[in-house]
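One structure below.
The values are calculated or read from the model by the stated rules, or taken from the named source; none is laboratory data. Bear in mind the structure is a predicted one, so any value in this text is a computation, not a measurement. In this analysis, Cβ positions are derived from the backbone assuming ideal geometry, glycine residues included, and neighbour counts consider all displayed protein chains.
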Amino acid sequence: MEPYELTITQASVAIAAGELSPVELLDSAIGQIERYEDRVGAFATLTLDAAREAAQRTEAQIHASGPAGPLHGIPVGIKDLYDTAGVASTSSSRTRAGRVATEDSAVTARLRAVGAVLVGQTHTHEYAYGVITPTTRNPWDLDRIPGGSSGGSGAALAARMVLGATGTDTGGSIRIPSALNGTTGLKPTYGRVSRYGITSLCWALDHAGPMARTVSDVALLLQAMAGYDPRDPGSVDEPVPDYAAGVGRDARLDGLTFGVPTNYYTEPIEPDVEAAFRAAVATLQDAGASIHEVELPLAQTYMPIEYGILVAEATAYHQGTLRDKGELYEADVRVLLEAGELMFASDYIRALRARQLVKRGWQELFDGLDAVLAPTLCATAVRADDPVVRWPDGTEESAIDVYVKASAPGNLTGLPSLSVPCGFDSQGLPIGLQIFGRPFDEVGVLRIGSVFEAATDFANRMPTGLG
């Protein structure tokens, strides 16, 4: 096994045992970048010289006093919405060409502090306003999208260019690329991870979180990322538990009850996705969980509320730049920003009020439940040159609507939501299982994901599209 094939968990054990050095691990990951980056396009900016210097420093530190923690010496990609001091941090937009961050984002600083080796800035769909990430391709099939907006992070992980990465999630932007690239991603509870130094898309819905190949890796990243930060107005002063506590230690889920929706995620859905989801539910049931069918409350309102809030706030954020540099935005992003100019404040206020009803409905839904299970997405990766989902009945729908629909409940409620690989369709494209938990119960969500992961081998599969 080559070092780049290791998970964070495996690599950290090997580093601690003196069987692998951070320099060897980084060189192996750089080899993957050199082999595939020209075709995958995962990175907006590579910082390999700085990464080599950091790997050498960490190697000396580990040699002198042992690893400071499980991320010491681990190659990580930073989504281009996150500021990284001294590095071009442009949100993958021409409107920010030449912008170099002067300060680390809170998450970037936290990862540096635990010894992570920062490899570069991963591409985002421009300003995170989309699900395609047109700069980047899916390692499972280079003719298809990696999803978005954290598409660069998802593709870099799938191609084994990094072992961990960061993402943001406003309408699914961690979970969408995780599902489409066959990797694992967690949208934590709203306020769990600081957004300081991260470019906003929508203040009310933005989340920051970890992306990796396995549940245990996501837990290790979240441990470093989580924590209260008064610089982020949405940050919540909630104790940070040991996220690894329930990961990989239990093979059973006896005594837990999961809800499976009878609506919203059931139609339309690709047959292969539905079959994989049903099989995943059966796997968790075999592990001891009780399964109850549930009806999601106010489901017809999710998309109008999501867009009613997102479109208004995104346009407010970009209003000045749209007037000064509007011609530099990509066409798909510019049209959404311009559409926001046409919204009434009263529509935005109504969306905010309706959101509270959705949150209350989900709070009641969780009475007697430990988690809610759903497909991460109801369709697999679309072609980059034709980003449309064609349903079995012949109807068509844009990828952004299909993907955001499946993700929106997590953003509207702010509940933790984990995507883990749960199968492949007939074309060999990855499928994800989504696990919603109670507020700040990331430990519980990760535990469920780890039990499922241990019972399957989907997280260990290598992409087939790179040749």
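The table for this structure:
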item: So residue 143, is it of a type outside the set (Ser, Thr, Tyr) and crowded, with 24+ Cβ neighbours inside 10 Å; result: no
item: Among residues of segment 350-402, those that are touching a His at 6+ places or on another chain (Cβ under 9 Å) and of a type in the set (A, V, I, L, M), counted; result: 1
item: Residue match in segment 321-332 (condition: over 18 Å from residue 200 (Cα atoms), in contact with a strand residue (DSSP E or B) (Cβ under 7 Å, 6 or more places away or on another chain) and modelled with pLDDT of 95 or more); result: no
item: Per-region count, segment 37-53, residues farther than 19 Å from residue 153 by Cβ and in contact (Cβ under 8 Å) with a residue 12 or more places away in the chain; result: 1
item: Selection status of residue 128, in contact with a helix residue (DSSP H, G or I) (Cβ under 8 Å, 6 or more places away or on another chain) and of a type in the set (Gly, Ala, Ser); result: no
item: Residue in segment 12-28 that is polar (S, T, N, Q), in contact with a His (Cβ under 8 Å, 6 or more places away or on another chain) and under 30 Å from residue 99 (Cα atoms) present; result: no
item: Matching residues, segment 416-441, being outside any strand (DSSP E or B) and either over 23 Å from residue 256 (Cα atoms) or modelled with pLDDT under 95 (or both); result: 425, 426, 427, 428, 429
item: Hits in segment 245-265 - residues which are surrounded by 13 or more Cβ atoms within 10 Å (Cβ to Cβ), more than 23 Å from the chain's Cα centre (by Cα) and more than 25 Å from residue 7 (Cβ to Cβ); result: 256, 257, 263
item: Boolean, residue 11 is part of a helix (DSSP H, G or I) and touching a helix residue (DSSP H, G or I) at 6+ places or on another chain (Cβ under 8 Å); result: yes
item: Selected residue (only one of 64, 109, 97 is surrounded by fewer than 24 Cβ atoms within 10 Å (Cβ to Cβ) and within 19 Å of residue 208 (Cα to Cα)); result: 109
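To keep it simple, each residue is scored yes or no on (1) buried (at least 24 other Cβ atoms within 10 Å of the Cβ); (2) under 28 Å from residue 242 (Cα atoms); (3) touching a residue at least 24 places away in the same chain (Cβ under 8 Å); (4) among the charged types (D, E, K, R).
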position: 123; (1), (2), (3), (4): yes, no, yes, no
position: 137; (1), (2), (3), (4): yes, no, yes, yes
position: 149; (1), (2), (3), (4): yes, no, yes, no
position: 154; (1), (2), (3), (4): yes, yes, yes, no
position: 157; (1), (2), (3), (4): yes, yes, yes, no
position: 166; (1), (2), (3), (4): yes, yes, yes, no
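One line per residue, one yes/no per condition, for (1) part of a loop (DSSP other than H, G, I, E, B); (2) aromatic (Phe, Trp, Tyr); (3) touching a Leu at 6+ places or on another chain (Cβ under 9 Å):
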residue: 368; (1), (2), (3): yes, no, no
residue: 412; (1), (2), (3): no, no, yes
residue: 443; (1), (2), (3): no, no, no
residue: 449; (1), (2), (3): no, no, yes
